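Notes to accompany the following structure.
The values are calculated or read from the model by the stated rules, or taken from the named source; none is laboratory data. Just so you know, these numbers come straight off a predicted model, no measurement behind them. Cβ atoms come from the backbone with ideal geometry, glycine included; neighbour counts cover every protein chain shown.
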Amino acid sequence: MADVQSEWPVVEVAALSDLDARPGDPVRTVYLRPLEGGYEVLLRGAGQVHAARAVAGEVTAWAVAQGGAVADHVALLLGRLAHPPTAFAGQMLDRPLVMGIVNVTPDSFSDGGETPDAAAAIERGLAMRAAGADILDIGGESTRPGAAPVSQAEEARRVLPVIGALAGAGAVVSVDTRHAATMVAAGDAGARMINDVTALAGDPDSLVVAAGCQMPVILMHMQGEPRTMQADPRYACAPLDVYDFLAERIDACEAAGIRRADIAVDPGIGFGKTVAHNLHILARLSVLAALGCPIVLGVSRKSFIARLGRNEPPARRLGGSLAAALAGIAQGAHILRVHDVAETHQAVATWTAIHCGEDRRS
């Protein structure tokens, strides 16, 4: 299995002036990560990544000294970081949002079988909304490691009544699907956004359909597909490889007519990644902010938490889930996709009050 040690090492240098951008495409070699009071510049080199910390003026001066292409690219990234997204799918992003997971499936890794029919799923969704969920994410196909695919017709049969009922009750509903036909039907039933684990690449019609539906989309990174994604995942540098993939998918969406303002990104923790990959990505999650899109983070009850702990079953991973979620919002995550809504809502409200110096309860 691949681990952080087998990836390109990130070597920190003392000063930004020690970095020298090599010839090539700056989009694939220079990255910016926001830090308190400045930035981390990440530079891909020959089999390794160099990193240096600096304030904005130093970053601009360094980029100009590197040449026109680097200067243009860094200016674009600085512009995005200076004007972060303020809303997504009609939801303000002045505080972290909580997205409750409602699985209408018999085989999801965490709660499979608990809401196998529409009535149970609707009850779960309403309870989550009452507990503080800002968004309800409805899915009818498990994407846990090793999961078998579900037909589009069966997926639609599972989710459409739930979406209709919850949207009718006033909830902001997302549909978790990789099938274009389900996207259309879900939008007709009242869903306001699409959450696709394949980043609109799993169905050849997804890009056109999503653009036509005019619904905001969440693009997630996944290496491989659910049945085999955990077999032997490998990365050169996991955080930057994920960034590059999502940047390419954003470009594809924009080419299809989807506005960047209607796109959010998800690094796909646990989807084709070892424990070490997940930790490497979480440690530099804020590099995704330079894409200019809201960051969605799904760490709830993931298996890496158990492997760092005592191999607890999914229902007993709340502590690790909250720790990872709070680390995520400290790195700029805007939306937390979770199973335990009430507990996450409380943790986020407390964290926000401490770190922002004010009470931002909804």
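Worth pointing out:
- Which numbered condition Met183 fails, given (1) crowded, with 20+ Cβ neighbours inside 10 Å; (2) within 30 Å of Asp232 (Cα to Cα): (2)
- Filter pass, Ala315 being surrounded by fewer than 19 Cβ atoms within 10 Å (Cβ to Cβ), among the small types (Gly, Ala, Ser) and touching an Asp or Glu at 6+ places or on another chain (Cβ under 6 Å): no
- Taking the range 114-151 as the range and being at pLDDT below 95, assigned to a helix (DSSP H, G or I) and touching a helix residue (DSSP H, G or I) at 6+ places or on another chain (Cβ under 7 Å) as the test, the residues that pass are Ala118, Ala121.
- Among the strands (runs of 3 or more DSSP E) confined to the range 1-103, the ones with at least 1 residues that are in contact (Cβ under 8 Å) with a residue 40 or more places away in the chain and not assigned by TED's automatic domain parsing to the domain that holds Arg260 are located at 10-12, 30-35, 38-44, 49-54.
- Selection count where residues are surrounded by fewer than 18 Cβ atoms within 10 Å (Cβ to Cβ) and either under 16 Å from Pro149 (Cβ atoms) or aliphatic (A, V, I, L, M) (or both), scope the range 204-245: 8
- Yes/no for Ala156 being assigned by TED's automatic domain parsing to the domain that holds Leu288, crowded, with 18+ Cβ neighbours inside 10 Å, in a helix (DSSP H, G or I) and over 17 Å from the mean Cα position of the chain (by Cα): yes
- Filter result for Gly309 (among the small types (Gly, Ala, Ser), surrounded by fewer than 21 Cβ atoms within 10 Å (Cβ to Cβ), more than 20 Å from the chain's Cα centre (by Cα) and more than 28 Å from Arg44 (Cβ to Cβ)): yes
- All positions within the range 238-294 that are free of Cβ contacts under 8 Å to residues at least 40 places away in the same chain and charged (D, E, K, R): Asp241, Glu248, Asp251, Glu254, Arg259, Arg260
- Qualifying residue in the range 185-202 (condition: modelled with pLDDT under 95 and under 18 Å from Ala167 (Cβ atoms)): no
- Condition check for Leu97: within 23 Å of the chain's Cα centre (by Cα) and more than 30 Å from Val159 (Cα to Cα): no
- Taking the criterion of being within 24 Å of the chain's Cα centre (by Cα) and farther than 26 Å from Arg227 by Cα, the residues of the range 163-184 that qualify are Ile163, Leu166, Ala167, Ala171, Val172, Val173.
So that you can scan it fast, the table gives a plain yes or no per residue for (1) under 22 Å from Ile335 (Cα atoms); (2) surrounded by fewer than 16 Cβ atoms within 10 Å (Cβ to Cβ); (3) modelled with pLDDT of 90 or more; (4) not hydrophobic (A, V, I, L, M, F, W, C):
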residue	(1), (2), (3), (4)
Leu19	no, no, no, no
Met92	yes, yes, yes, no
Pro96	yes, no, yes, yes
Gly112	no, no, no, yes
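- Single condition Pro145 does not satisfy, out of (1) within 26 Å of Cys293 (Cβ to Cβ); (2) surrounded by fewer than 20 Cβ atoms within 10 Å (Cβ to Cβ): (1)
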